[in-house]
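Peer 1: Below is a structure I'd like to ask you about.
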Amino acid sequence: MGEGREATGGGGAAAASASDLLEALVDAGHLIPTGTPGLYGRGAAFDALLDRLEALFDRLTADDRAERLRFPPAIGRALFERSGYLDSFPHLAGTVHAFDGDERGHRELLAALRAGRDWTGRQAPTGLVLTPAACYPVYPIFAARGPLPATGGIADVASWCFRHEPSTEPTRLQLFRMREQVRLGRPEQVLDFRQRWIERARQLVDMLDLPARLELAHDPFFGRGGQIMAASQRDQRLKFELVVPIADPQRPTACMSFNYHQDHFARSFGIRDFEGAPAHTACVGFGVERLAMALLRHHGLDPTCWPARIRAALEGASP
Ligand code: AMP
Ligand code: ZN
């Protein structure tokens, strides 16, 4: 991965700032503004690029025999509570609410709406939480199956994910697609998986000719206690990120993450290894839109004009 490579990408969208990049992506028809920050429609070429990146992920992982699992983009409240998300990221969670009043309540709601007042008072929790990371639904499923086989488990997941971090920075979306593999097993199996993925990421950025760097990282834990959690996560080398300069050349954006959870999820959900001890887990994921934006930023806004080698990598043809 590109130590010392310049991140300005010759034919790329010459965006000097986040707002320039957003404007360029909108002008090219890739992102369609909706009036809400971090919430965009996708044009045909951008959508096709997202699909090609997922297909590339399929090809890269074809030999892993991961169990493919797909879920709607919401999780139930019980799963959400068990995951520990509220301890770490209360500020990012999005809960789904719905009207639960009677006819009088409905009249009050409409009166408030028409008067331009807040009408949300009668919205009650539905018990659904928007999925914050694609891997969450996997843990209770593996827990319910009983002890893992000696070879452990590996799942392939993809989901729309929600994080409440409204921003005009085009790579910071409120709703985005995340593709992940989750490994469950003994600590050495899980760490080996993460290491192999770090190698694979090098292969991926080589194929796509992106100026990427691997960094030790930490999650955006909430509050002052969160700083301690972040420091401990770094000290234990639990999270690495593959970063690529996209909107801001000085502050590259995380496009992939490589996370070792130790036995955190296994203890919360009761996942056992083949000897009955709490399993360990890791997940590796990429933000599909971020990788797509990295390509558009570095190779130009029109994917049909990209170098043949990159187009071939995305189309699955031999270069
Ligand atoms: P994380 O669970 O925070 O490590 O996120 C996994 C991957 O999702 C990251 O490496 C990013 O590529 C992507 N991602 C995270 N947050 C966002 C966001 N707000 N908008 C778009 N992609 C995101
Ligand atoms: Zn995950």
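Peer 1: Show the residue pairs that are 6+ apart or on different chains and have beta-carbon atoms under 9 Å apart, the first residue being within segment 173-184 and within 21 Å of Ile32 (Cβ to Cβ), the second being among the basic types (Lys, Arg) and within 8 Å of ligand 1 (Cβ to nearest atom).
Peer 2: Filtered contacts from segment 173-184: Leu173/Arg163; Leu173/Arg290; Gln174/Arg163; Leu175/Arg163; Phe176/Arg163; Phe176/Arg290.
Peer 1: Of the residues Ala133, Ala98, Ala143, which single one is closer than 23 Å to Pro166 by Cβ and buried (at least 17 other Cβ atoms within 10 Å of the Cβ)? Write out each step before concluding.
Peer 2: Working: Ala98 fails: buried (at least 17 other Cβ atoms within 10 Å of the Cβ); Ala143 fails: closer than 23 Å to Pro166 by Cβ.
Matching residue, one of Ala133, Ala98, Ala143: Ala133.
Conditions (1) acidic (Asp, Glu); (2) within 13 Å of ligand 1 (Cβ to nearest atom); (3) in a loop (DSSP other than H, G, I, E, B), marked per residue:
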position: Phe142; (1), (2), (3): no, no, no
position: Pro149; (1), (2), (3): no, no, yes
position: Ala155; (1), (2), (3): no, no, no
position: Ser167; (1), (2), (3): no, yes, yes
position: Arg172; (1), (2), (3): no, yes, yes
position: Phe176; (1), (2), (3): no, yes, no
position: Gln189; (1), (2), (3): no, no, no
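Peer 1: Looking at Leu113 and the list (1) farther than 28 Å from Val190 by Cα; (2) surrounded by 15 or more Cβ atoms within 10 Å (Cβ to Cβ); (3) aliphatic (A, V, I, L, M), which single condition is not satisfied?
Peer 2: Checking Leu113 against (1) farther than 28 Å from Val190 by Cα; (2) surrounded by 15 or more Cβ atoms within 10 Å (Cβ to Cβ); (3) aliphatic (A, V, I, L, M), the one that fails is (2).
Peer 1: Same structure, new question: Give me the residue from segment 105-140 that is part of a loop (DSSP other than H, G, I, E, B) and of a type in the set (Phe, Trp, Tyr) and, out of that set, nearest to ligand 2 (Cβ to nearest atom). Break it down into steps so the answer makes sense when it comes.
Peer 2: If we filter segment 105-140 for residues that are part of a loop (DSSP other than H, G, I, E, B), which is where we start, we get 115-119, 131-137.
Pick out the ones that are also of a type in the set (Phe, Trp, Tyr) and you get 119, 136.
Working: Trp119: 36, Tyr136: 7 Å.
Taking the candidates together, the pick is Tyr136.
Peer 1: Go through the residues of segment 302-310 one by one and say whether even a single one is within 14 Å of ligand 2 (Cβ to nearest atom), among the aromatic types (Phe, Trp, Tyr) and surrounded by fewer than 24 Cβ atoms within 10 Å (Cβ to Cβ).
Peer 2: Taking every residue of segment 302-310 in turn, none turns out to be within 14 Å of ligand 2 (Cβ to nearest atom), among the aromatic types (Phe, Trp, Tyr) and surrounded by fewer than 24 Cβ atoms within 10 Å (Cβ to Cβ).
Peer 1: Another question, then. Which condition breaks for Gln227 when tested against (1) away from ligand 2 (no atom under 16 Å from the Cβ); (2) within 21 Å of His261 (Cβ to Cβ); (3) in contact (Cβ under 8 Å) with a residue 24 or more places away in the chain; (4) polar (S, T, N, Q)?
Peer 2: All conditions are met except number (3).
Peer 1: Identify all residues within segment 159-177 that are under 14 Å from Gly41 (Cβ atoms) and within 16 Å of ligand 2 (Cβ to nearest atom); write none if there are none.
Peer 2: As a first pass, look at segment 159-177 and keep what is under 14 Å from Gly41 (Cβ atoms): 160, 170, 173-177.
Selection gives Trp160, Phe176, Arg177.
Peer 1: Same structure again: Assess whether Cys255 counts as being modelled with pLDDT of 95 or more and either surrounded by fewer than 16 Cβ atoms within 10 Å (Cβ to Cβ) or under 22 Å from Gly153 (Cβ atoms) (or both). If you could, list the steps in order and put the result at the bottom.
Peer 2: On the way: modelled with pLDDT of 95 or more: yes; either surrounded by fewer than 16 Cβ atoms within 10 Å (Cβ to Cβ) or under 22 Å from Gly153 (Cβ atoms) (or both): no.
Considered against the rule, which asks whether it is modelled with pLDDT of 95 or more and either surrounded by fewer than 16 Cβ atoms within 10 Å (Cβ to Cβ) or under 22 Å from Gly153 (Cβ atoms) (or both), Cys255 comes out as no.
The values are calculated or read from the model by the stated rules, or taken from the named source; none is laboratory data. All figures in this text were calculated on a predicted structure; none of them were measured in a lab. All Cβ positions, even for glycine, are placed from backbone atoms using ideal geometry, and neighbour counts span all protein chains on display.
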